[in-house]
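A.B. asks: Take this structure, written in structure tokens, and hold onto it; I'll ask about it next.
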Amino acid sequence: MTKEVKNTLLMTCFALIFGLILGLVHEVTAGPIAYQKEKALNEAYSAVMPDASEFKDMGITEEAAAQVIGDEYNAAVDSVFEGVNASGETVGYVINVVSHGGYGGDIGFSMGVLSDGSIKGISITSINETPGLGMRAQSDPEWLPQFYGQSPDTKFNLGENVNSITSATFTSRCVTRGVNAGMAYYNSKLGGGK
């Protein structure tokens, strides 16, 4: 057997062994990663809709939501959950939005909309913006609350009824468009448009 054939067989064996190890690591970690992701989402739902004791998946698809909100917002509603209190009454909805066009990419968040159409809370679930600038969308205690409590027909606009995060216009615009997309879905399908 030539040296080249031996080296090829040796490298093939290494590749198979490492592939098996990686596959095993994936199998071992997939469950805990999925559990942590689900736990983080449930915490976000509880944060934006604290009066709800249970969240029921309304089974919407991103494609169905896109037909409702169109593409003017550059954002997608990817799921909606009905928030139900201990008495079984609907207290509002958690609308999960992925907004495109942030400085660091997409920004995902859950927004709690009460049955009267006012925004109860917003919890950012995925963001990769510039530390100290765009990341303030998540950490600034005064920025997200400017969306809360507004009437369901409010159209949010930077510089008009939404203050931009200083030096983070892309992030501010991205979140604002996403909130508008979530409210467009609410107004069309959940708040009187049912």
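The values are calculated or read from the model by the stated rules, or taken from the named source; none is laboratory data. Computed from a predicted structure; not experimentally measured. As a convention, Cβ positions derive from the backbone with ideal geometry for all residues, glycine included, and neighbour counts pool all protein chains shown.
A.B. asks: Report whether or not ALA15 is closer than 30 Å to ILE119 by Cα and either part of a helix (DSSP H, G or I) or modelled with pLDDT of 90 or more (or both).
C.D. replies: In short, no.
A.B. asks: Got at least one residue in the stretch 91-105 being in contact with a His (Cβ under 9 Å, 6 or more places away or on another chain), over 16 Å from ALA44 (Cα atoms) and buried (at least 19 other Cβ atoms within 10 Å of the Cβ)?
C.D. replies: No, the stretch 91-105 contains no residue that is in contact with a His (Cβ under 9 Å, 6 or more places away or on another chain), over 16 Å from ALA44 (Cα atoms) and buried (at least 19 other Cβ atoms within 10 Å of the Cβ).
A.B. asks: Tally up the residues in the stretch 33-80 that are within 20 Å of ASP116 (Cα to Cα), in contact with a helix residue (DSSP H, G or I) (Cβ under 6 Å, 6 or more places away or on another chain) and among the aromatic types (Phe, Trp, Tyr), please.
C.D. replies: Number of matching residues: 1.
A.B. asks: Residues being surrounded by 12 or more Cβ atoms within 10 Å (Cβ to Cβ), aliphatic (A, V, I, L, M) and assigned to a helix (DSSP H, G or I): count how many of those fall in the stretch 22-63.
C.D. replies: The number of residues fulfilling the criteria is 5.
A.B. asks: Oh, and also: If I ask for residues that are small (Gly, Ala, Ser) and over 25 Å from PHE170 (Cβ atoms), which ones from the stretch 58-78 would you list?
C.D. replies: GLY59, ALA64
A.B. asks: When the residues of the stretch 132-186 are filtered to those that are free of Cβ contacts under 8 Å to residues at least 24 places away in the same chain and among the acidic types (Asp, Glu), which remaining residue is farthest from SER110 (Cα to Cα)?
C.D. replies: GLU160
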